[in-house]
1. I'd like the FRET efficiency for B:Ser82 and B:Asn53, computed as 1/(1 + (r/R0)^6) with the beta carbon distance as r and R0 of 35 Å, rounded to 0.05.
2. Can you grab the distance from the C-alpha centre of segment B:34-82 to the C-alpha centre of segment A:48-93, Å, no decimals?
3. Treating the protein assembly as shown as a set of equal point scatterers at the Cα positions, no solvent, please give the Debye-formula log₁₀ I(q)/I(0) at q = 0.09, 0.14, 0.15 Å⁻¹.
4. To two decimal places, what compactness ratio does segment A:1-63 give when its Cα radius of gyration is scaled by 2.2 N^0.38 Å?
5. Taking segment B:1-106, which GluC sites (Glu not before Pro) meet the DSSP loop condition and have no more than 14 other C-beta atoms within 10 Å?
6. Once all Cα-Cα distances of segment B:55-114 are split into 5 Å bins that start at 0, what whole-number percent is in each one?
7. Can you work out the FRET efficiency for the pair B:Ala17 and A:Thr38, with r the C-beta to C-beta distance and R0 = 30 Å, to the nearest 0.05?
8. May I have the convex hull volume per residue, in Å³, for the Cα set of chain B?
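Since every read-out is calculated from the coordinates, none of them should be taken as a lab result. Here the structure is a predicted model, which means the values were calculated and not measured. All Cβ positions, glycine included, derive from the backbone under ideal geometry; neighbour counts span all protein chains shown.
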Amino acid sequence: KAGVTQTPRYLIKTRGQQVTLSCSPISGHRSVSWYQQTPGQGLQFLFEYFSETQRNKGNFPGRFSGRQFSNSRSEMNVSTLELGDSALYLCASSLSVGNTGELFFGEGSRLTVL
Amino acid sequence: QKEVEQNSGPLSVPEGAIASLNCTYSDRGSQSFFWYRQYSGKSPELIMSIYSNGDKEDGRFTAQLNKASQYVSLLIRDSQPSDSATYLCAVNDFRGGSQGNLIFGKGTKLSVKP
């Protein structure tokens, strides 16, 4: 069974640009969550999507947005990039059946903003 | 602000010893508790989940939960050099029905010396 797939794995952008990251969840998983990981702040929740609807959102500015498609694939977008957006962006999927909350992470997209 | 606290380490143990990793959480409403392992340069990998008070064993790993003390621990028996990684504690309160909003500690770095 294929795991969570994230693309691209690495990318370099400059301040002010925008970026779109993609995530394909494990087959059968309907919930997709996004996290930002930095050395200073650790793993921080960005948002969660279920059945194409945003179910929860973390404490990030509106420059961070996302969406989910009918096949459960998800994208996140960061507009007007800032140096502080340099991070590893992780996507995680879950079955979302019952209150288990077990998440399975992809390998991440490492974003560097210059 | 809901928080999960972990000793950042590094925790150094000799091969074959028991490694004990600890975590406290601030929100009494937390319902699910997880330990993730993250190797350097890799994404987090779920190794244990625990939902009720007491111990849960899986191979060399034992998770312990004490909701009254808001305390979760992970014991690794017969530690191996391959266990050297950062261990992340995470909790979920299922706010708004969310499955994917985990609150993570910043992790404890474990080093197992041959």
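1. Computed FRET efficiency for B:Ser82 and B:Asn53 comes out at 0.70.
2. A separation of 28 Å, based on Cα centres.
3. -0.36, -0.87, -0.99
4. 1.25
5. Sites meeting the loop and neighbour criteria: B:Glu3, B:Glu15.
6. Taking every Cα pair in segment B:55-114, the percentages come to 4, 15, 19, 22, 21, 11, 5, 2, 1, 0.
7. Approximately 0.40, to the nearest 0.05.
8. Taking only Cα atoms, chain B has a hull volume of 98 Å³ per residue.
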